[in-house]
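K.L.:
First, the structure itself, so that you have it in front of you.
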Amino acid sequence: MAEEAAVRAQAETVRRLKQDKADADEIAKEVAKLLEMKAQLGTDEGKHKFVLKTPKGTRDFGPKEMAIRERAFKAIISCFKRHGAEVIDTPVFELKETLTGKYGEDSKLIYDLKDQGGELLSLRYDLTVPFARYLAMNKITNIKRYHIAKVYRRDNPAMTRGRYREFYQCDFDIAGQFDPMIPDAECLKIVHEILSDLQLGDFVIKVNDRRILDGMFAVCGVPDSKFRTICSSVDKLDKVPWEEVRSEMVGEKGLSPEAADRIGEYVQLHGGLDLIEQLLQDPKLSQNKVAKEGLGDMKLLFEYLTLFGITGKISFDLSLARGLDYYTGVIFEAVLLQQDNEHLQEPASVGSVAGGGRYDGLVGMFDPKGRKVPCVGVSIGIERIFSILEQRLEASEEKIRTTETQVLVASAQKKLLEERLKLISELWDAGIKAEMLYKKNPKLLNQLQYCEETGIPLVAIVGEQELKDGVVKLRIVATREEVNVRRESLVEEIRIRTSQC
């Protein structure tokens with residue numbers, strides 16, 4: 001019995017040792033997990049081990065970049081308003097079903113959001129589909145509008161070429177039933193005005209028509225079911241050579257080599273009214289009703305563009321396809337040919353800077369009764385334009401002003417803070433853009449140097465003698481000229497002098 005008891009005791013000891021070891025192992029694992037979590041979160045001092053960066057395809061814009069952007073926006077908005085457009089805004093996200101099926105093969109680039117409350121949502125891909133939804137929802141049949149806002153695409157960004165995942169679009173659209181090609185011609189005139197105003201260099205606006213493309217596909221032997229996918233392939237001709245596009249059509253999309261070769265004969269043509277006349281006589285295209293309609297409207301468009309005096313920058317180009325599904329008629333795209341600054345590297349790398357077209361069926365897709373509202377519009381590729389302007393300014397010696405301050409309120413002696421505060425308050429109340437240094441007794445030289453560095457054109461100096469005489473010494477920073485101005489006349493004097501800057 002004693003031996004049995006000894007064996008049982010020994011077994012129990014072994015079991016306990018094993019259990020203790022298992023417990024120790026479990027504790028060690030938990031400690032290791034906690035240490036790993038602590039390492040990820042950082043040390044006790046609160047130092048976090050993560051990289052400070054913006055998400056892929058996005059960027060921050062500092063004061064200099066924003067000054068450039070505001071300049072460009074001002075020119076674009078001014079043009080839109082000159083043509084009588086109203087402004088609207090829509091939510092940054094839409095119901096997912098609103099955006100689905102509107103962008104062809106590009107639909108895969110839509111950002112879907114996690115369901116946060118019973119609605120499936122997506123970030124807007126462009127401003128055109130939300131505009132069509134807005135028209136249908138509010139039963140609007142006639143509007144000329146512009147909309148400048150951010151859109152989102154899950155694209156492979158090329159930031160140096162102005163290609164982002166979050167970016168601004170500047171859209172101008174005319175909705176309503178009008179006589180053919182008059183609104184379309186105005187959209188092209190707007191593109192011409194904006195690109196000329198921004199002085200981006202030489203450019204060409206390529207135009208085509210979806211009906212001409214569809215007619216061309218039909219006479220070349222493309223099955224109806226492949227029209228849109230073949231259109232997306234043709235749309236790549238501005239980026240890759242014809243051989244690659246042909247290979248994609250035949251190898252990936254199952255088009256016959258004969259049909260691809262026939263398409264190749266057409267898509268390499270470009271010109272003006274002469275080419276339109278030539279195609280109207282084409283034995284195949286002229287027999288296709290859809291293509292003939294498109295060519296007839298294209299001829300009319302060129303007649304209006306001639307009256308606008310801009311045909312020198314317009315090219316009828318059969319390779320232009322624009323892959324978005326919603327286009328139904330005229331399509332166009334503005335491309336920079338070269339930069340007017342010899343310091344810029346890779347001048348042709350920026351590519352398209354504006355695009356648009358006619359989309360007569362999009363609003364009807366949202367209307368419960370399918371009522372159509374004809375629309376035509378243009379989108380300015382503002383991010384690409386910004387990248388050109390930024391490169392140009394980087395290469396030049398031009399200094400960018402990041403504020404609009406008209407005058408710095410300065411003091412010539414010590415203990416004049418109260419007088420500076422009284423004067424700057426008077427200027428602010430009068431609508432003058434004014435600054436002062438946040439020191440009780442700043443040196444006059446430091447105040448003047450601040451104006452030199454920031455580009456402030458005027459300095460209003462208060463001193464003991466000036467206060468006695470009821471005047472303010474106004475200094476013109478560029479010439480260093482100084483004049484005494486009566487206190488009551490100061491606001492008007494600043495307005496006159498800054499209007500001349």
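The values are calculated or read from the model by the stated rules, or taken from the named source; none is laboratory data. Since the structure is predicted, the reported quantities are computational estimates derived from the model, not experimental observations. Reconstructed Cβ throughout: ideal geometry from the backbone, glycine too, with neighbour counts over all protein chains shown. Note: areas computed on protein heavy atoms with side chains; ligands, DNA, RNA excluded. Shrake-Rupley method; radii C 1.70, N 1.55, O 1.52, S 1.80 Å.
K.L.:
For region 336-363, give me the residue count where each residue is at pLDDT 90 or above and either open to solvent by 50 Å² or more (accessible area, probe 1.4 Å) or within 14 Å of T128 (Cβ to Cβ) (or both).
P.N.:
10
K.L.:
While we're looking at this one, here's another question. Which residues, taken from region 70-100, are touching a helix residue (DSSP H, G or I) at 6+ places or on another chain (Cβ under 7 Å), part of a helix (DSSP H, G or I) and either among the β-branched types (V, I, T) or exposed (fewer than 12 other Cβ atoms within 10 Å of the Cβ) (or both)?
P.N.:
Passing the criteria: I76, T98.
K.L.:
Which condition does D179 not pass, out of (1) within 23 Å of K144 (Cα to Cα); (2) crowded, with 20+ Cβ neighbours inside 10 Å, if it passes all the others?
P.N.:
(2)
K.L.:
Then there's this: Cβ-Cβ under 8 Å, sequence separation 6+ or interchain: first residue in region 477-500 and closer than 20 Å to E452 by Cα, partner in a helix (DSSP H, G or I) and open to solvent by less than 40 Å² (accessible area, probe 1.4 Å). Which pairs?
P.N.:
Between residues of region 477-500 that are closer than 20 Å to E452 by Cα and residues that are in a helix (DSSP H, G or I) and open to solvent by less than 40 Å² (accessible area, probe 1.4 Å), the close pairs are V477/L448; V477/C451; I494/L427.
K.L.:
So which residues in region 478-488 are at pLDDT 95 or above and either open to solvent by less than 30 Å² (accessible area, probe 1.4 Å) or among the small types (G, A, S) (or both)?
P.N.:
V485
K.L.:
Output the residues belonging to region 383-418 that are more than 13 Å from E65 (Cα to Cα), among the aliphatic types (A, V, I, L, M) and either open to solvent by less than 20 Å² (accessible area, probe 1.4 Å) or not in a helix (DSSP H, G or I) (or both).
P.N.:
V407, L408, V409, A410, A412, L416 - these are the residues of region 383-418 that are more than 13 Å from E65 (Cα to Cα), among the aliphatic types (A, V, I, L, M) and either open to solvent by less than 20 Å² (accessible area, probe 1.4 Å) or not in a helix (DSSP H, G or I) (or both).
K.L.:
Tally time: how many residues in region 212-228 are assigned to a helix (DSSP H, G or I), in contact with a Leu (Cβ under 9 Å, 6 or more places away or on another chain) and either farther than 22 Å from E293 by Cα or among the hydrophobic types (A, V, I, L, M, F, W, C) (or both)?
P.N.:
Of the residues in that region, 5 qualify.
K.L.:
From the list E119, E166, E186, exactly one residue is over 21 Å from the mean Cα position of the chain (by Cα), at pLDDT below 95 and among the acidic types (D, E). Which is it?
P.N.:
E119
K.L.:
Just to be sure I understand the filter: pairs with C-beta atoms under 7 Å, separated by 6 or more residues or on different chains, first member in region 109-132 and free of Cβ contacts under 8 Å to residues at least 24 places away in the same chain, second member open to solvent by 70 Å² or more (accessible area, probe 1.4 Å) and not aromatic (F, W, Y). Which pairs pass?
P.N.:
Close Cβ pairs (under 7 Å, with a partner that is open to solvent by 70 Å² or more (accessible area, probe 1.4 Å) and not aromatic (F, W, Y)) amount to D112/K96.
K.L.:
Also, quick follow-up: Quick check on my filter: what residues within region 152-163 are at pLDDT 80 or above, surrounded by 20 or more Cβ atoms within 10 Å (Cβ to Cβ) and not in a strand (DSSP E or B)?
P.N.:
Within region 152-163, R153 is the sole residue that qualifies.
K.L.:
Which of (1) open to solvent by 60 Å² or more (accessible area, probe 1.4 Å); (2) modelled with pLDDT of 95 or more does C501 not meet, given it meets every other one?
P.N.:
(2)
K.L.:
If only one of L255, L237, L269 is farther than 13 Å from L320 by Cβ, of a type in the set (A, V, I, L, M) and in contact (Cβ under 8 Å) with a residue 12 or more places away in the chain, which one is it?
P.N.:
Only one candidate passes the filter, namely L255.
K.L.:
Additional query: Name the single residue, out of those in region 283-307 being under 22 Å from C220 (Cα atoms) and in contact with a strand residue (DSSP E or B) (Cβ under 9 Å, 6 or more places away or on another chain), that is most open to solvent (accessible area, probe 1.4 Å).
P.N.:
Going through the qualifying residues, I end up with E293.
K.L.:
Okay, next question. Every residue in region 129-151 that is assigned to a strand (DSSP E or B) and surrounded by fewer than 18 Cβ atoms within 10 Å (Cβ to Cβ), please.
P.N.:
Across region 129-151, the qualifying residues are K144, A149, K150.
K.L.:
Hey, any hits in region 192-205 for a residue that's among the charged types (D, E, K, R), over 25 Å from G351 (Cα atoms), assigned to a helix (DSSP H, G or I) and in the same structural domain as L301 (by the TED database)?
P.N.:
Looking through region 192-205, none of the residues is among the charged types (D, E, K, R), over 25 Å from G351 (Cα atoms), assigned to a helix (DSSP H, G or I) and in the same structural domain as L301 (by the TED database).
K.L.:
Sticking with this one: How many residues, within region 11-66, are modelled with pLDDT of 65 or more, farther than 30 Å from I382 by Cβ and part of a loop (DSSP other than H, G, I, E, B)?
P.N.:
Result for region 11-66: 2.
K.L.:
Right, another one. Can you tell me which of E248, E186, E258, E193 is of a type in the set (D, E) and open to solvent by 60 Å² or more (accessible area, probe 1.4 Å)?
P.N.:
Only one candidate qualifies: E258.
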